[in-house]
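The values are calculated or read from the model by the stated rules, or taken from the named source; none is laboratory data. As the structure is a prediction and not an experimental result, all values here were calculated from the model. Glycine also receives a Cβ, built like all others from the backbone with ideal geometry; neighbour counts cover every protein chain displayed. When the accessible area is computed, the model is the full protein with side chains, heavy atoms only, and any ligands, DNA or RNA have been set aside. Shrake-Rupley method; radii C 1.70, N 1.55, O 1.52, S 1.80 Å.
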Amino acid sequence: MRLWAFTCLGLVLAAASPAGDSFQTGDWQGRANFNGEGTFTDCTVLMPDPEHTTVGFVMTHGNDFGMIVADPALKLEPGGQKPTLIHVEGIDSVAAIADVVADNGVLIPLENGGALALAIGEGKEFRVNIREKEFVLQRPRTGEALKALKACVESHRGKNRVEL
């Protein structure tokens, strides 16, 4: 998971990808990502908010799954790691070591299909505690975004893209 953690946020925020590699559901924007050799690596979906907290999710071709949290209030050292704690009412809190993928963002590994991911997908409010800040988050249509993310991975798994 560490390998893709350092590139996923930059890839999502980079220049637009070909139409077949991008998708949108509600305010969620997603895309398939490819490495330098053109091999599919993962799909990402974000609900960007440049003035506040951006929330997103990433899933690799091997079904590793994680949540992206980026906020201008965070001042982090990319390449490092941060302890995080995620709370959803009615679910046991989950502690994780997040990868710092940008000076204002982390990637938190989650269990794909776990109780926490399912609760977030159902639209429940969740809190993410990073030592520097606590974020109280809830995004509309998260379940639809997660289904689109999974469909993206399934449709791109094993594909290569050749730049012309």
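Can you tell me which residues in the range 134-152 are among the charged types (D, E, K, R) and modelled with pLDDT under 90? Please lay out each step first, then the result.
Quick first cut of the range 134-152, residues among the charged types (D, E, K, R) only: 134, 139, 141, 144, 147, 150.
If the condition is that a residue be among the charged types (D, E, K, R) and modelled with pLDDT under 90, then Glu134, Arg139, Arg141 are the ones that fit.
Name the one entry in Leu149, Leu110, Leu118 that is among the aliphatic types (A, V, I, L, M) and out of contact with any Gly (no Cβ under 8 Å at 6 or more places or on another chain). It would help to see each step written out before you state the result.
Numbers: Leu149 fails: out of contact with any Gly (no Cβ under 8 Å at 6 or more places or on another chain); Leu110 fails: out of contact with any Gly (no Cβ under 8 Å at 6 or more places or on another chain).
Step by step, each of Leu149, Leu110, Leu118 is checked, and only Leu118 is among the aliphatic types (A, V, I, L, M) and out of contact with any Gly (no Cβ under 8 Å at 6 or more places or on another chain).
Mind listing whichever residues of the range 129-140 are farther than 17 Å from Ser93 by Cβ and surrounded by fewer than 16 Cβ atoms within 10 Å (Cβ to Cβ)? Before the answer, list the steps.
Of all residues in the range 129-140, those farther than 17 Å from Ser93 by Cβ come to 132, 139-140.
Within the range 129-140, Glu132, Pro140 qualify.
What tally of residues in the range 129-139 results from selecting those that are part of a strand (DSSP E or B) and among the acidic types (Asp, Glu)?
First, pick out the residues of the range 129-139 that are part of a strand (DSSP E or B): 129-130, 133-137.
Still in the running and among the acidic types (Asp, Glu): 134.
Looking only at that region, the number is 1.
I'm checking my understanding of the structure. Among residues of the range 153-164 that are at pLDDT 90 or above and open to solvent by 10 Å² or more (accessible area, probe 1.4 Å), which one is nearest to Asn63 (Cα to Cα)?
Step one: list which residues in the range 153-164 are at pLDDT 90 or above, which gives 153-156.
Of the ones still in play, those that are also open to solvent by 10 Å² or more (accessible area, probe 1.4 Å) are 154-156.
Values: Glu154: 10, Ser155: 13, His156: 12 Å.
Checked the range 153-164; the qualifying residue nearest to Asn63 (Cα to Cα) is Glu154.
Of the residues Gly123, Gly105, Gly113, Gly90, only one is farther than 21 Å from Leu74 by Cβ and under 15 Å from the mean Cα position of the chain (by Cα); which? Show your work before the answer.
On the way: Gly123 fails: under 15 Å from the mean Cα position of the chain (by Cα); Gly105 fails: farther than 21 Å from Leu74 by Cβ; Gly90 fails: under 15 Å from the mean Cα position of the chain (by Cα).
So the residue among Gly123, Gly105, Gly113, Gly90 that is farther than 21 Å from Leu74 by Cβ and under 15 Å from the mean Cα position of the chain (by Cα) is Gly113.
List pairs: first in the range 124-139 and farther than 14 Å from Ala98 by Cβ and free of Cβ contacts under 8 Å to residues at least 40 places away in the same chain, second open to solvent by 90 Å² or more (accessible area, probe 1.4 Å) and acidic (Asp, Glu), Cβ under 9 Å, 6+ apart or cross-chain?
Note: pairs meeting the criteria are Lys124/Glu89; Glu125/Glu89; Val136/Glu125; Gln138/Glu125.
Considering only residues that are in a loop (DSSP other than H, G, I, E, B) and touching a residue at least 40 places away in the same chain (Cβ under 8 Å), which ones fall in the range 140-164? Outline the logic, then answer.
Step one: filter the range 140-164 for residues in a loop (DSSP other than H, G, I, E, B), giving 140-141, 157-159, 161-164.
Listed by number, the residues that qualify are Pro140, Arg141, Arg157, Gly158, Lys159, Arg161, Val162, Glu163.
Scan the strands (runs of 3 or more DSSP E) fully inside the range 52-128 and keep the ones with 2 or more residues being modelled with pLDDT under 90 and surrounded by 20 or more Cβ atoms within 10 Å (Cβ to Cβ). Please lay out each step first, then the result.
Numbers: elements: 54-60, 65-70, 81-88, 91-102, 105-110.
In the range 52-128, no matching strands (runs of 3 or more DSSP E) lie anywhere.
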